[in-house]
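The values are calculated or read from the model by the stated rules, or taken from the named source; none is laboratory data. This is a predicted model, so every value here is computed, not measured. Counting neighbours? That spans all protein chains shown, and the Cβs are built from the backbone with ideal geometry, glycine included. The protein model used for the area step is the full one, side chains on, heavy atoms only, and it has no ligands, DNA or RNA in it. Shrake-Rupley method; radii C 1.70, N 1.55, O 1.52, S 1.80 Å.
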Amino acid sequence: MNSKYHLPKGSSADGSYDIVVTPESAGWGYCGLRILTLQPGGAHSLSTGDSEFLVLPLTGGCTVAVDGKTFELAGRAGVFASVTDFAYLPRGVEAVISSASGGRFALPSARTEQGGHSARYGRKEDVPVELRGAGACSRQVNNYCLPGTFDAEQLLVCEVLTPGGNWSSYPPHKHDEARTDDAGNPIESELEEIYYFEVSGENGFGYQRVYGTPERPIDVLAEVRSGDTVLIPHGWHGPSIAAPGYDLYYLNVMAGPGQDRAWLICDDPAHGWVRSTWDSQDIDDRLPFGAEENE
């Protein structure tokens, strides 16, 4: 079953894009991702259509021209070097992305029927950087476009950086059905999710696990390398395992039908107890990544 949900580097390339995931290609309703490579002096036209997008530099910087506005994105040297500035593009616009020095740019997207937000710039300095977990579960989360960090219609975007030898997306969790508790308070939201991976080192690798329930089975155990993508339509996902010696990066793109744009997860009851062990452990001192550059 891995082949349907694990997309190795190059397997979904199309034209200027190293990766193309659309709701149609994934077999779901909302979530999308493209990875764009521009050569020095290159430019690319993007029609957002029925989806909202971010322009999120992975390596290098770019200029984004849209709706009579121009955003200069300084970008970054690489995903492990620092957080980056970014641009938001609403549905129904034409944008031109150009780069004098070249680079690679993630274009996460979410199909939406709403269009209340205008194109705008996201400052690097305003991106909340969270150190989550402890011990061998320590990881860094860059919260670009989540509720409370940046407004959008349906789109949710963050990055997770895991030092070599550590586990992230752990305990395994899911967000595949809208549920409330007995008092009517929301406790889980329905979100599709894309994981896009990069790994440090020429031969770097990691592992991604996804598994389902008896009612909705899914079974993925993928060895992932730089440029790979894993699709998560439903089910428990995690751990994401960074092999010793190789730091692991992944970009999370989420979207779903809920109009309140909530990110509510439910731990696998078999493993949720692991969170209680973090109180007695220190956060890995290799975090945060790029601390010198971010100071």
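A few notes on this one:
- What the phi angles of the range 149-164 give under the Karplus curve with 6.51, -1.76 and 1.60, with θ = phi - 60°, is a coupling list of 10, 7, 7, 8, 7, 10, 6, 10, 9, 8, 10, 10, 10, 10, x, x Hz, glycine and proline written as x.
- Estimated [θ] at 222 nm from DSSP helical runs (n ≥ 4, -39500 (n - 2.57)) normalised by residues in the chain, nearest 500: -500 deg cm²/dmol
- The range 1-56 - convex hull of alpha carbons, volume per residue in Å³: 98 Å³
- For the peptides 182-192, 51-61, 28-38, the ranking by mean Cβ contacts within 10 Å, running from highest to lowest, is 51-61, 28-38, 182-192.
- For Ala255, distant residues with modelled amide H under 5 Å away: Glu192
- Each residue of the range 264-271 is assigned a 3J(HN,Hα), and the resulting list reads 10, 10, 10, 5, 4, x, 5, 10 Hz, derived from the Karplus form 6.51 cos²θ - 1.76 cosθ + 1.60 (θ = phi - 60°), x at Gly and Pro.
- Cα-projected label distance for Ala100 with Trp273, points at 7 Å along beta-carbon direction, nm: 5.9 nm
- Gap separating the Cα centres of the range 1-59 and the range 219-236, nearest whole Å: 16 Å
- Relative contact order for the chain, counting Cα pairs under 8 Å that sit 6 or more residues apart, in percent: 20 percent
- Average accessible surface for the chain: 42 Å² per residue, computed with a 1.4 Å probe over protein heavy atoms with every protein chain in place.
- Charge dipole of the range 98-149 (Cα centre as origin; +1 on each Lys and Arg Cβ, -1 on each Asp and Glu Cβ, all else neutral): 140 debye, rounded to the nearest 20.
- Per-residue ³J(HN,Hα) for the range 125-138, Karplus 6.51 cos²θ - 1.76 cosθ + 1.60, θ = phi - 60°, Hz, x for Gly and Pro: 5, 9, 7, x, 10, 10, 9, 10, x, 6, x, 6, 9, 6
- Here the dipole of the range 15-173 is about 380 debye; that uses its Cα centre as origin and unit charges on the Cβ of Lys and Arg (positive) and Asp and Glu (negative).
- For Leu264, the residues whose modelled amide H falls within less than 5 Å of its own, excluding neighbours fewer than 5 places apart on the same chain, are Ser189.
- Label-point separation, Ala136 to Ala74 (7 Å along Cα→Cβ), nm: 3.8 nm
- R0 of 25 Å, Cβ-Cβ distance Ser280-His173: FRET efficiency to nearest 0.05: 0.70
- A cut-off of 5 Å between modelled amide H atoms, ignoring neighbours fewer than 5 places along the same chain, links Ser226 with Val199.
- Principal axis dimensions, the chain - Cα atoms, whole angstrom, descending: 52, 41, 35
- Longest to shortest principal axis, alpha-carbon extents of the range 127-277, angstrom: 48, 36, 29
- Mean-square fluctuations from a GNM of the chain, with a 10 angstrom spring cutoff on Cα atoms, peak among Ser101, Ser200, Ser276 at Ser276.
- Size descriptor for the range 25-98, Kirkwood hydrodynamic radius: 13.2 Å (Cα pairs only, one decimal).
- In summary, the aspartates and glutamates within cross-link reach of Lys69, defined as a Cα separation below 14 angstrom excluding same-chain residues under 8 places away, comprise Glu94.
- Whole-percent carbon and sulfur share, accessible surface of the range 68-107, 1.4 Å: 55 percent
- Against the rule of thumb 2.2 N^0.38 Å, how large the Cα Rg of the range 210-295 comes out: 1.36
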